[in-house]
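Asks: First, the structure itself, so that you have it in front of you.
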Amino acid sequence: MNFNGIDFNTYLKNYPNEEGYFGKYGGAYVNDDLKKAMNEITQAYFTICKSRKFIDELRRIRKEFQGRPTPISHLERLSNKLGNVQLYVKREDLNHTGAHKLNHCMGEALLAKYMGKKKLIAETGAGQHGVAIATAAAYFGLECDVYMGSVDIKKQAPNVARMKILGANVVEVTHGLATLKEAVDAAFEAYAKDYENSIYCIGSVVGPHPFPMMVRDFQSVVGIEAREQFVEMTGELPDAVVACVGGGSNSAGFFSGFLNDPVDIYGIEPLGRGTKMGDHAASLQYGTEGVMHGFNSIMLKDENGDPAPVYSVASGLDYPSSGPEHAFLHELGRVKYDVIGDDDTIDAFFTLSRLEGIIPAIESSHAVAYGMKLAKEMGKGSVLINLSGRGDKDMDYIIEKYGIR
């Protein structure tokens, strides 16, 4: 399939290029010491990603430890309520630890073992990446430091407890807005001081090259499985696929399975409370080109050109930029990026729970809400939504803020 001059038959082999760019987005904007560390990771990854031993070990882990493949579920009652369009969800909530994050964490930890590193350093917002990296560290016998903003620590107490039970050291970040962006800042700082003994296991398709590529590659299992399962289940491709986008790890992996197909692809950002700066985290919708955390992409900026304050009801989506590949796919027009607000998201959270017996993560509820909106607009066809995580971590916060509807 060719789209705006890009051959999507060979897209995954050609993007990013050797310098880590998707068009003009990506790269590695780091100091010389960290550039050396990034090159070391890149060389190690390219060495082992084609290794039969590595691939076999990762497949074994996915099957025997993670419980993959995760299934697709037909949302029959919800579909009937909305009209004729049939809704389906890819059940990453059933992946071990309750979200897609373990897909790349086990891969990154396996890479760390190959490189002889002793410690995993990571950031987390909603806590799912933190739990996944703590799980991977426990599995491989590695030390683990997880940086988390104090605001998110309060919102995501169950996941903080899980990380500590798994043996991780949870480092509270109190500066700035004390959310995901600040957690990334602190984790990068710590990694820069100890890169010889540790590896930074970034939680999304962001950061300097090779992380956007590497995380996408590890997450592509979601898209590969989903495409195969949907065709087996229905005999055809879905008309549309939908996933939420913060940094964009779940969506990058999910979309990769459908980029070369005649399928509409939707990436959904958090509109939060509205369009005013500081009330949302919809960088692709309202941002401009800029560099942060070692990569060039589309970001939300304040009047000084620095990363702007952002907000989302979902702790895993309140990031002022998006992965460089998402910026590229947005520019190409191959993926349609849109927004959904807090109110519709919370409605979708309760609707899916009540009608289908599936409690979704608030992050995933953005995609569910948009899938429901699409179903009303399309009139016929099918929509496959990536349910990137389960909502256990969010229940206390939801009940405290919204009550039981």
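The values are calculated or read from the model by the stated rules, or taken from the named source; none is laboratory data. On a predicted model such as this, the values are computed, not experimentally measured, just so you know. Cβ atoms come from the backbone with ideal geometry, glycine included; neighbour counts cover every protein chain shown. The accessibility values were calculated without ligands, DNA or RNA, using every heavy atom of the protein model including side chains. Shrake-Rupley method; radii C 1.70, N 1.55, O 1.52, S 1.80 Å.
Asks: Hey, Ala375 hits all of (1) part of a loop (DSSP other than H, G, I, E, B); (2) out of contact with any Lys or Arg (no Cβ under 6 Å at 6 or more places or on another chain) but one; which does it fall short on?
Replies: Ala375 satisfies every listed condition except (1).
Asks: Looking at region 93-127, which of the residues that are under 19 Å from Glu196 (Cα atoms) and acidic (Asp, Glu) is surrounded by the most Cβ atoms within 10 Å (Cβ to Cβ)?
Replies: Per the criteria, the residue is Glu123.
Asks: All but one of (1) touching a Lys or Arg at 6+ places or on another chain (Cβ under 9 Å); (2) at pLDDT 95 or above hold for His209, so report the exception by its number.
Replies: The number of the failed condition is (1).
Asks: Give the residues of region 23-65 that are in a loop (DSSP other than H, G, I, E, B) and surrounded by 15 or more Cβ atoms within 10 Å (Cβ to Cβ), sorted by residue number.
Replies: Selection gives Gly23, Gly27, Ala28, Tyr29, Val30, Cys49.
Asks: If Ala132 meets every condition in (1) at pLDDT 95 or above; (2) touching a Ser or Thr at 6+ places or on another chain (Cβ under 8 Å); (3) at positive phi apart from one, which number is that one?
Replies: If we test Ala132 against (1) at pLDDT 95 or above; (2) touching a Ser or Thr at 6+ places or on another chain (Cβ under 8 Å); (3) at positive phi, just (3) comes out false.
For (1) surrounded by fewer than 18 Cβ atoms within 10 Å (Cβ to Cβ); (2) in contact with a Gly (Cβ under 7 Å, 6 or more places away or on another chain), each residue gets a yes or a no:
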{"position": "Cys244", "(1), (2)": "no, no"}
{"position": "Gly247", "(1), (2)": "no, yes"}
{"position": "Ser256", "(1), (2)": "no, yes"}
{"position": "Pro262", "(1), (2)": "yes, no"}
{"position": "Leu271", "(1), (2)": "no, yes"}
{"position": "Ser283", "(1), (2)": "no, no"}
{"position": "Glu289", "(1), (2)": "yes, no"}
{"position": "Met299", "(1), (2)": "no, yes"}
{"position": "Tyr319", "(1), (2)": "no, yes"}
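Asks: Ok, one more. Scan region 133-169 for residues that are charged (D, E, K, R), under 14 Å from Ser198 (Cα atoms) and either open to solvent by less than 60 Å² (accessible area, probe 1.4 Å) or in a helix (DSSP H, G or I) (or both) and jot them down.
Replies: Asp145
Asks: If I filter region 332-349 for residues that are under 14 Å from Gly267 (Cα atoms), in a helix (DSSP H, G or I), within 20 Å of the chain's Cα centre (by Cα) and modelled with pLDDT of 95 or more, do I get at least one hit?
Replies: no
Asks: Just the residues that are buried (at least 19 other Cβ atoms within 10 Å of the Cβ) and either in contact with a helix residue (DSSP H, G or I) (Cβ under 6 Å, 6 or more places away or on another chain) or acidic (Asp, Glu) (or both), please, taken from region 68-81.
Replies: Arg68, Pro69, Thr70, Ile72, Leu75, Leu78
Asks: Could you please give the count of residues in region 329-351 that are open to solvent by 10 Å² or more (accessible area, probe 1.4 Å), of a type outside the set (Asp, Glu) and over 29 Å from Arg405 (Cα atoms)?
Replies: 6
Asks: If you scan region 237-257, which residues turn out to be touching a strand residue (DSSP E or B) at 6+ places or on another chain (Cβ under 8 Å) and more than 27 Å from Ser312 (Cβ to Cβ)? Spell out how you get there, then give the answer.
Replies: Within region 237-257, the first condition is being touching a strand residue (DSSP E or B) at 6+ places or on another chain (Cβ under 8 Å), and the residues that meet it are 238-248, 250-251, 254-255.
Passing the criteria: only Asp239.
Asks: Only one residue in Leu111, Leu120, Leu78 is assigned to a helix (DSSP H, G or I), closer than 28 Å to Phe188 by Cα and hydrophobic (A, V, I, L, M, F, W, C), so which one is that?
Replies: Going through Leu111, Leu120, Leu78 in turn, just one is assigned to a helix (DSSP H, G or I), closer than 28 Å to Phe188 by Cα and hydrophobic (A, V, I, L, M, F, W, C): Leu111.
Asks: Return the residue satisfying two criteria in turn: it lies in region 301-310 and is assigned to a loop (DSSP other than H, G, I, E, B) and without any contact (Cβ under 8 Å) to a residue 40 or more places away in the chain, and of such residues it is surrounded by the most Cβ atoms within 10 Å (Cβ to Cβ).
Replies: Ala308
Asks: I'd like the full set of residues that are surrounded by fewer than 21 Cβ atoms within 10 Å (Cβ to Cβ) and out of contact with any helix residue (DSSP H, G or I) (no Cβ under 7 Å at 6 or more places or on another chain), limited to region 208-224.
Replies: Answer for region 208-224, where residues must be surrounded by fewer than 21 Cβ atoms within 10 Å (Cβ to Cβ) and out of contact with any helix residue (DSSP H, G or I) (no Cβ under 7 Å at 6 or more places or on another chain): Asp217, Ile224.
Asks: With the requirement that a residue be of a type in the set (Val, Ile, Thr) and either within 17 Å of Asp318 (Cα to Cα) or in a loop (DSSP other than H, G, I, E, B) (or both), what does region 123-132 give you?
Replies: Initially, region 123-132 is screened for residues of a type in the set (Val, Ile, Thr), giving 124, 131.
Of everything in region 123-132, just one residue is of a type in the set (Val, Ile, Thr) and either within 17 Å of Asp318 (Cα to Cα) or in a loop (DSSP other than H, G, I, E, B) (or both), namely Thr124.
Asks: Follow-up question, since we're still on this one. Yes or no: Ala99 under 13 Å from the mean Cα position of the chain (by Cα), modelled with pLDDT of 95 or more and among the small types (Gly, Ala, Ser)?
Replies: yes
Asks: Which one is least open to solvent (accessible area, probe 1.4 Å), of the residues in region 376-386 that are among the small types (Gly, Ala, Ser) and either more than 18 Å from Met233 (Cβ to Cβ) or within 24 Å of the chain's Cα centre (by Cα) (or both)? Quick ask: steps written out before the conclusion?
Replies: Keep residues of region 376-386 that are among the small types (Gly, Ala, Ser), which gives 379, 381-382.
When the remaining residues are screened for being either more than 18 Å from Met233 (Cβ to Cβ) or within 24 Å of the chain's Cα centre (by Cα) (or both), the result is 379, 382.
Working: Gly379: 40, Ser382: 8 Å².
Here the answer is Ser382.
Asks: Continuing with the same structure: Would a scan of region 387-394 turn up a residue that is surrounded by fewer than 23 Cβ atoms within 10 Å (Cβ to Cβ), out of contact with any His (no Cβ under 8 Å at 6 or more places or on another chain) and more than 23 Å from Lys81 (Cβ to Cβ)?
Replies: Going residue by residue through region 387-394, those that are surrounded by fewer than 23 Cβ atoms within 10 Å (Cβ to Cβ) are 390-392.
Keeping just the survivors that are out of contact with any His (no Cβ under 8 Å at 6 or more places or on another chain) gives 390-392.
Going one step further and asking which of them are more than 23 Å from Lys81 (Cβ to Cβ), we end up with 392.
Yes: one or more hits.
Asks: Any chance region 225-238 includes a residue that's under 27 Å from Asn296 (Cβ atoms) and buried (at least 24 other Cβ atoms within 10 Å of the Cβ)?
Replies: Within region 225-238, not a single residue is under 27 Å from Asn296 (Cβ atoms) and buried (at least 24 other Cβ atoms within 10 Å of the Cβ).
Asks: Please list, ordered by first then second residue, the pairs with beta carbon atoms under 9 Å, 6 or more apart or interchain, first in region 55-82 and modelled with pLDDT of 95 or more, second of a type in the set (A, V, I, L, M) and in a loop (DSSP other than H, G, I, E, B).
Replies: Listed by first residue and then by second, the contacts come to Ser73/Ile358; Leu75/Ile358; Ser79/Val85.
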